[in-house]
Amino acid sequence: MAGLLPVAEALSRVLAGAEPLGEEWLALADADGRVLTRDIVATRSQPPADVSAMDGYAVRAADLPGTLPVIGESAAGRPFSAPLPPGAALRIFTGAALPAGADTIVIQEDAERAGDQVTFAAAAPAGRHIRVAGLDFTAGLAGLAAGTRLDPRKLALAAAMNHARLPVRRAPRVAILSTGDELVEPGAVPGSGQIVSSNALAVAAMAKREGAIAIDLGIAPDRLDETLAAVGRARDAGADILVTSGGASVGEYDLMREVIAREGAELGFWKIAMRPGKPLMMADLGGMRLLGLPGNPVASFVCATIFLMPLVRKLSGRSDIETPTEPAVLGTDVGPNDQRADYLRATLETRDGTLVATPFPIQDSSMIRVLAEADALVLRAPFAERAAAGSPCRIIRLPR
Ligand code: AMP
Ligand code: MG
């Protein structure tokens with residue numbers, strides 16, 4: 001293995017050949033965050049007829065000013081059934097259909113009602129306070145384009161265009177396997193030399209926030225039969241991605257390679273020019289992609305952020321695949337960098353309107369508490385020179 005693989009190259013290998021998943025139809029209530037597979041066309045116009053924008057009276061502008069008889073009312077959902085004759089007024093409410101013949105609305109504050117009569121002291125221009133049919137959208141309009149990611153506002157538009165179900169990309173199914181003889185599930189009583197597994201649930205929570213369906217395969221000890229069985233369970237669960245955590249030391253790597261060979265595939269193993277998170281494994285198990293994250297909790301989290309989440313977003317059909325970064329300034333001096341990109345755990349604060357990122361003094365990749373307290377990762381490029389407090393940097397803001 002010649003040298004270390006740059007992060008960008010590793011990411012493009014992870015994403016290579018990953019295509020957005022197939023289509024499914026979902027009820028609106030289940031479709032938030034999903035990506036449309038087709039244009040969604042308005043089946044009707046909104047509003048469907050000319051309606052009043054205010055509570056008041058529908059009249060003919062030509063009849064004003066003056067005192068007119070009130071001949072009935074039009075409320076939202078209960079229109080007045082006849083045209084408005086000349087010399088008459090109709091009580092009308094917001095969203096109610098304008099009767100034929102009426103051409104303006106006078107708001108109730110500008111009307112003096114006395115029994116069945118209403119007096120308008122001033123004239124009103126035609127068209128005032130009227131929402132014309134199709135003001136919002138007209139039937140046939142492609143209000144939402146294929147490729148759009150649904151959010152609460154876009155779901156509201158789909159509903160108004162009278163769609164109950166929408167065609168969307170399937171959500172990636174992400175199965176997560178923790179490997180290691182030393183691991184026990186949270187809440188168990190660890191034996192001598194054992195630790196509590198923390199990676200899988202973090203990865204599952206991250207994947208879910210990106211809209212994936214997470215499947216926890218539990219813990220497999222470092223044994224061929226158990227690991228093979230877990231791969232089988234991932235396939236049975238219809239996983240699109242099988243994420244393993246741990247198993248990146250030499251003996252364990254040989255185990256994973258054997259597992260993947262039995263699956264008839266080849267295991268890619270790369271040493272990536274990044275800290276934390278040097279080793280990454282990848283394999284294509286015929287429709288199920290294996291991504292092997294390092295076991296170190298911080299390395300597992302950073303590699304999930306940098307490699308797994310973009311893969312989840314790409315399979316979901318999203319266009320915002322890249323991990324977003326932001327500018328900030330350093331809160332402390334940082335030393336020069338070697339050949340590996342650094343992802344420094346840091347706190348964020350705003351000082352005089354400037355975002356300041358201060359890396360923690362200890363960056364050991366096993367330290368879950370520091371990771372939990374961090375607000376951001378400060379990016380340090382390979383061979384970056386030493387940088388003084390106050391110099392610009394780029395950060396990845398960590399989701400809360
Ligand atoms: P490995 O990649 O399996 O060599 O693991 C590297 C380090 O990460 C070891 O100290 C493991 O005990 C630790 N580790 C592996 N898996 C997990 C996990 N699921 N949760 C917490 N620590 C882990
Ligand atoms: Mg291990």
Checked the range 111-140 for anything open to solvent by 60 Å² or more (accessible area, probe 1.4 Å) and either in contact with a strand residue (DSSP E or B) (Cβ under 7 Å, 6 or more places away or on another chain) or closer than 18 Å to Leu84 by Cβ (or both); matches are Glu112, Arg113, Asp116, Gln117, Ala123, Pro125, Ala126, Arg128, His129, Arg131, Val132, Asp136
Per the filter on the range 290-305, residues open to solvent by 10 Å² or more (accessible area, probe 1.4 Å) and under 23 Å from the mean Cα position of the chain (by Cα) are Phe301, Thr305
Across (1) without any contact (Cβ under 8 Å) to a residue 60 or more places away in the chain; (2) on the phi > 0 side of the Ramachandran plot, Ala62 clears everything bar (2)
Among residues of the range 381-400 being open to solvent by 30 Å² or more (accessible area, probe 1.4 Å) and in contact with a Pro (Cβ under 9 Å, 6 or more places away or on another chain), the residue nearest to Val298 (Cα to Cα) is Arg397
Filtering the range 168-224 for residues that are over 25 Å from Asp254 (Cα atoms), open to solvent by less than 70 Å² (accessible area, probe 1.4 Å), of a type outside the set (Val, Ile, Thr) and touching a strand residue (DSSP E or B) at 6+ places or on another chain (Cβ under 8 Å) leaves a count of 11
Of (1) assigned to a helix (DSSP H, G or I); (2) closer than 18 Å to Leu15 by Cα; (3) open to solvent by 10 Å² or more (accessible area, probe 1.4 Å), Ala261 satisfies every one except (2)
Note on the range 228-249: residues more than 23 Å from Gly17 (Cα to Cα) and more than 11 Å from ligand 2 (Cβ to nearest atom) are Leu228, Ala229, Ala230, Arg233
Residue set Ala214, Ala229, Ala239; condition outside any strand (DSSP E or B), closer than 27 Å to Arg169 by Cα, of a type in the set (A, V, I, L, M) and within 33 Å of the chain's Cα centre (by Cα); output residue Ala239
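Please list, ordered by residue number, the strands (runs of 3 or more DSSP E) wholly in the range 303-400 having 1 or more residues that are touching a residue at least 60 places away in the same chain (Cβ under 8 Å).
In the range 303-400, the matching strands (runs of 3 or more DSSP E) lie at 326-330, 341-351, 376-380, 392-397.
Condition check: modelled with pLDDT of 95 or more and either within 16 Å of ligand 2 (Cβ to nearest atom) or open to solvent by 40 Å² or more (accessible area, probe 1.4 Å) (or both). Does Gly287 satisfy that? First the steps, then the outcome.
Details: modelled with pLDDT of 95 or more: no; either within 16 Å of ligand 2 (Cβ to nearest atom) or open to solvent by 40 Å² or more (accessible area, probe 1.4 Å) (or both): yes.
It is false that Gly287 is modelled with pLDDT of 95 or more and either within 16 Å of ligand 2 (Cβ to nearest atom) or open to solvent by 40 Å² or more (accessible area, probe 1.4 Å) (or both).
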Among (1) under 25 Å from the mean Cα position of the chain (by Cα); (2) open to solvent by 60 Å² or more (accessible area, probe 1.4 Å); (3) over 15 Å from Thr305 (Cα atoms), Ala346 falls short only on (2)
Only unsatisfied item for Leu255, checking (1) assigned to a helix (DSSP H, G or I); (2) open to solvent by less than 40 Å² (accessible area, probe 1.4 Å); (3) assigned by TED's automatic domain parsing to the domain that holds Ala304; (4) under 30 Å from Asp32 (Cβ atoms), is (4)
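Okay, residues lined up against (1) more than 18 Å from Val298 (Cα to Cα); (2) more than 15 Å from ligand 2 (Cβ to nearest atom):
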| residue | (1), (2) |
| --- | --- |
| Gly187 | yes, yes |
| Gln194 | yes, no |
| Val203 | no, yes |
| Ile213 | yes, yes |
| Tyr253 | yes, no |
| Val259 | yes, no |
| Glu263 | yes, yes |
Within the range 1-37, residues within 16 Å of the chain's Cα centre (by Cα) and assigned to a strand (DSSP E or B) come out as Val35, Leu36
Evaluate the following for Ala188: is it part of a loop (DSSP other than H, G, I, E, B), in contact with a Lys or Arg (Cβ under 7 Å, 6 or more places away or on another chain) and either aliphatic (A, V, I, L, M) or closer than 17 Å to Ala283 by Cα (or both)?
no
Given (1) near ligand 1 (Cβ under 10 Å from one of its atoms); (2) part of a loop (DSSP other than H, G, I, E, B), Ala202 misses just (2)
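The values are calculated or read from the model by the stated rules, or taken from the named source; none is laboratory data. Being a predicted model, the structure only gives us computed values, none of them experimental. For neighbour counting, all protein chains shown are included, and Cβ atoms are generated from backbone atoms with ideal geometry for every residue, glycine included. Areas reflect the complete protein model, heavy atoms only, side chains present, ligands, DNA and RNA absent. Shrake-Rupley method; radii C 1.70, N 1.55, O 1.52, S 1.80 Å.
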